Amino acid sequence: MPQRRNRRVQLADAAIEVLARDGGRGLTHRAVDREAGFPEGTTKNYHPNRDALYVAIARRMADQQTAAMRVLRETMPDGVSADDVRALYLAMLRRMAGSARSQFLALFELQLEGVRNPQVRSALGEMTLAGVDSAVTLHAAVGEPISARGGGLLEAGMMGVAMSMLSLPDDVVGRIGFGDPDELGRSLLGMAVDAEPADGLLRGRAS
């Protein structure tokens with residue numbers, strides 16, 4: 001049984017790479033088999049159709065995101081400062097267009113699929129809530145509280161900026177002022193802090 005679960009993880013990770021590289025049209029069972037280095041037909045045995053393959057990708061990414069955000073909250077050191085939080089988000093924004101490029105390209109593809117696929121949409125919701133909860137917790141810890149709305153604006157803003165940085169021509173990125181991730185990050189954080197307080201529902205969950 002552990003080996004079976006491990007193969008599912010390997011297939012999901014391979015499918016993420018395929019989706020990021022080739023887009024939705026390139027996401028086929030054969031492409032995932034090749035990416036994972038498994039015999040042809042392996043992926044189809046685990047995920048019999050494209051909907052199942054999309055759901056497997058979404059579940060894998062949701063599990064990774066929620067686990068990462070939980071570790072972030074649980075290991076937050078004493079004495080963390082507002083500058084530390086800003087540095088964290090700036091690093092995340094730079095990673096979106098760099099070392100974590102495949103993950104975010106796959107996530108953008110999933111967001112399109114989520115419009116039509118309720119199971120994918122549910123997993124995307126889990127990822128967003130994990131990010132918002134963590135943002136609320138981090139800001140509260142440094143004395144700059146934000147509401148669920150502020151956390152949501154920060155999450156959406158980070159994703160929108162990353163999509164622009166990945167998809168637009170370099171000269172356009174420069175002309176619209178998106179060429180400096182640090183400055184962008186500071187602007188996004190300011191937007192989150194200045195957001196009108198919402199109902200505080202997630203603030204209770206994150207504490």
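The values are calculated or read from the model by the stated rules, or taken from the named source; none is laboratory data. Being a predicted model, the structure only gives us computed values, none of them experimental. Cβ: placed from backbone, ideal geometry, glycine included. Neighbour counts: every protein chain shown. Heavy atoms of the whole protein, side chains included, go into the accessibility calculation; ligands, DNA and RNA do not. Shrake-Rupley method; radii C 1.70, N 1.55, O 1.52, S 1.80 Å.
Entry remark, region 79-117: residues being touching a helix residue (DSSP H, G or I) at 6+ places or on another chain (Cβ under 8 Å) and open to solvent by 80 Å² or more (accessible area, probe 1.4 Å) number 4 in total.
Total residues in region 44-77 satisfying the condition of being open to solvent by 80 Å² or more (accessible area, probe 1.4 Å) and among the hydroxyl-bearing types (S, T, Y): the figure is 1.
Can you say whether L129 is open to solvent by 10 Å² or more (accessible area, probe 1.4 Å), part of a helix (DSSP H, G or I) and aliphatic (A, V, I, L, M), as far as the supplied structure shows?
Yes, satisfied.
For the condition touching a residue at least 12 places away in the same chain (Cβ under 8 Å) and open to solvent by less than 60 Å² (accessible area, probe 1.4 Å), A162 qualifies.
Residues in region 138-146 include none that are more than 15 Å from the chain's Cα centre (by Cα), farther than 24 Å from D83 by Cβ, touching a residue at least 60 places away in the same chain (Cβ under 8 Å) and not in a helix (DSSP H, G or I). Any residue at all in region 76-84 that's among the small types (G, A, S) and without any contact (Cβ under 8 Å) to a residue 12 or more places away in the chain? Yes, the conditions are met somewhere in region 76-84.
Restricting to region 21-39, and then to whatever is outside any helix (DSSP H, G or I) and touching a residue at least 24 places away in the same chain (Cβ under 8 Å), can you tell me which residue is nearest to the chain's Cα centre (by Cα)?
G23
Close Cβ contacts (under 8 Å, 6 or more residues apart or on different chains) running from residues in region 178-193 that are in contact (Cβ under 8 Å) with a residue 12 or more places away in the chain to residues that are open to solvent by 30 Å² or more (accessible area, probe 1.4 Å) and among the aromatic types (F, W, Y) comprise L184/F178.
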